[in-house]
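Undergrad: Sharing a structure here in structure tokens format.
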Amino acid sequence: MTEENKITPLHETHKAHGASFVGFAGFLMPVKYKGVISEIEAVRQRAGLFDVCHMGQIELTGSGALKAANYLLSNDVLKVAEGQCQYTFACNVSGGVLDDIVLYRFSDERVLLCVNAINTEKIYTWAVDVLDNKGFSDTVKITDLSENYAQLALQGPYAEKILEKLMPAVVKSLRYYRFTELELYGDTAIVSRTGYTGEDGFEIYLDPENAVKLWQDLMEAGEEFALEPCGLGARDTLRLEAGLPLYGFELSEELTPIEAGLKRFVSFTKGEFAGSDVLERQKEKGVEKILIAIEMKERGIPRAGYELYAGDEKAGHVTSGTFSPTLDKAIALAYVSSRHKDEKSFFIDIRGKMREAAKVVAPFYKREKNAKAAAL
């Protein structure tokens, strides 16, 4: 471990499970346990347990909390009910994505933002500055609560059955993208039906001192379902199979939600918000590049940065790519010039050899949703 890397409350637990570690977003995180393929299969077929304590949590409270969040973020927060989550973006003045965020609405006076670890400090500082300049400082308090929460993610077809053993009164009644507060180990915890794998699952926020206890209880409850601990390696492939963007790859301060094909998470009817003027122009006039999904038709794995060609013309580059064990094929997300948006076939330069790939519709993998699940 280097001085730059923090550890999560579960670090020793991961070591006991035989985890391999990697530095990620300022944290030393487990990248794998038994192996990435085994962990992917566990999440797709049974259930997997992830340490996501590195994620950040920023809270807005006060009489202006809801209005402030609606100005800061791209989606329409006012449409979110109490106890509901919402996927949204914080954008800069150029419309670029500062971060993609899951918002939790507790009440008109309390909103929690789950932000990417690498962007926590940036989003906190940006939000303070923007709201101060817009006159919200008297009605809103912004607090970085990241040190107050540990976060675990239980994902997979049997996630409900496992968590039901610990929280029977909560789990079955909790619909997709909804959350609740409850008492857990003598403290208040938050449980949401959310995730980053394309499977049904839950994310649990709790006091860091209780993280090891919850991990152990979940592993015990999941033993009959062959629950496996999972690392960042499996998480990255799972999210790519589900067509979900990763900040720093499909999203960045130089890339907008419109270019990323995520216009549905931008409200153009709620009024002004940070970056709204640029995004409005892009919606009306179009963009120069778009994000597409591709799968390989020939051998080879497309990796981030590999170049795409339409005929002899360079068309774009891969942002994320891997071999999908679930689909038994290589897949990728890539940005291409808008003039090539109707192309059905591309070639990717893989170590000096041109390999054919076909444009497909994302997500690559889509689970069969149960009656409780609904579109984002």
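All of the numbers you see were taken from the coordinates with simple rules; none came from a lab. A quick note: this is a predicted structure, and the numbers were derived from the prediction, not measured. Cβ sites come from the backbone with ideal geometry, for glycine too, and all protein chains shown count toward neighbours.
Undergrad: Scan around residue 115 for amide H atoms under 5 Å from its own, H built in the peptide plane at 1.01 Å from N, and keep only partners 5 or more places away or cross-chain.
TA: Here 56, 57, 58 satisfy the definition.
Undergrad: Show that you can apply the helix-only estimate: for the chain, add -39,500 (n - 2.57) for every DSSP H stretch of four or more residues, divide by all residues, and state [θ] at 222 nm to the nearest 500.
TA: Working: 8 runs with 75 residues, N = 376.
Taken over the chain, the calculation gives -5500 deg cm²/dmol.
Undergrad: Now for a different question. For the chain, modelled as a GNM with alpha-carbon contacts under 10 angstrom, which of 291, 182, 255 fluctuates the most?
TA: Of 291, 182, 255, the Gaussian network model singles out 182 as fluctuating most.
Undergrad: If you rank 29, 354, 219 by fewest surrounding Cβ atoms within 10 Å, what's the result?
TA: Placing the least packed residue first, the sequence is 354, 219, 29.
Undergrad: Taking N as the number of residues in segment 56-145, what is its Cα Rg relative to 2.2 N^0.38 Å?
TA: Normalised Rg, Cα atoms only: 0.95.
Undergrad: Going by amide H atoms built from the backbone, whose H comes under 5 Å of the H on residue 231, apart from near neighbours?
TA: Amide H neighbours of residue 231, under 5 Å, 5+ apart: 33.
Undergrad: Take every Cα pair under 8 Å in segment 235-376 that's 6+ residues apart, average their separations, divide by the length, and report that relative contact order as a whole percent.
TA: Worked out over segment 235-376, it gives 27 percent.
Undergrad: Rounded if a/c is under 1.5, else prolate if a/b beats b/c, else oblate: with a ≥ b ≥ c from the C-alpha gyration tensor eigenvalues square-rooted, which is the chain?
TA: Oblate is the answer for the chain, as a/c is 1.5 or above yet b/c matches or exceeds a/b.
Undergrad: Checking the cross-link filter: which lysines have an alpha carbon closer than 21 Å to that of residue 289, excluding same-chain neighbours under 8 positions apart?
TA: Those lysines meeting the cut-off are 263, 314, 341, 344, 359.
Undergrad: Got the relative contact order for the chain handy, in percent, Cα pairs under 8 Å and 6 or more residues apart?
TA: 18
Undergrad: Using a Gaussian network model on the chain with a 10 Å cutoff between Cα atoms, which of 248, 352, 56 fluctuates the most?
TA: In the Gaussian network model the winner is 352.
Undergrad: In the Gaussian network model of the chain, springs joining C-alpha atoms below 10 Å, which of 336, 52, 93 carries the largest mean-square fluctuation?
TA: 93
Undergrad: Right, here's the next one. Compare the Cα positions of 255, 243, 116 along the charge dipole of the chain (+1 at Cβ of Lys, Arg; -1 at Cβ of Asp, Glu; about the Cα centre) and return the one farthest towards the positive end.
TA: In the chain, that residue is 243.
Undergrad: Counting pairs of Cα atoms in segment 173-241, how many percent are more than 20 Å apart?
TA: 39
Undergrad: Sorting 114, 230 on the 10 Å Cβ count, fewest up front, what's the list?
TA: Listing 114, 230 from fewest to most nearby Cβ atoms yields 114, 230.
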